[in-house]
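Structure first, then comments.
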Amino acid sequence: MEVSKIVSEYKEKELDRVLFSANFKQLGLDLIDVADIVLAVEKEYSITIPETEHIGSVDDLVTCICANALPKAV
């Protein structure tokens, strides 16, 4: 829910629309918008998301957060 809130606050998108949108393009967000959202998420969660990650939707972003927030197994 927090990620959806960050996305909805960016460019003032309705939260319901963010939650049910298949991808950022459907929300009218371009690559620069997505980069800004990723930076906001990185700051919020104190993580670094690799630039090589494909992030086209809120689900993709949540997956990246989970993959990069969990400690790596040794």
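The values are calculated or read from the model by the stated rules, or taken from the named source; none is laboratory data. From a predicted model like this one, the values you see are computed outputs, not experimental measurements. Ligands, DNA and RNA are excluded from the accessible area calculation, which covers all protein heavy atoms including side chains. Shrake-Rupley method; radii C 1.70, N 1.55, O 1.52, S 1.80 Å.
The set of residues from segment 8-48 being assigned to a helix (DSSP H, G or I), open to solvent by 70 Å² or more (accessible area, probe 1.4 Å) and modelled with pLDDT of 85 or more comprises GLU9, LYS25, GLN26, LEU31, ILE32, LEU39, LYS43, GLU44, TYR45. Quick check on my filter: what residues within segment 49-61 are open to solvent by less than 60 Å² (accessible area, probe 1.4 Å) and within 18 Å of SER8 (Cα to Cα)? Answer for segment 49-61, where residues must be open to solvent by less than 60 Å² (accessible area, probe 1.4 Å) and within 18 Å of SER8 (Cα to Cα): ILE55, GLY56, SER57, VAL58, ASP60, LEU61.
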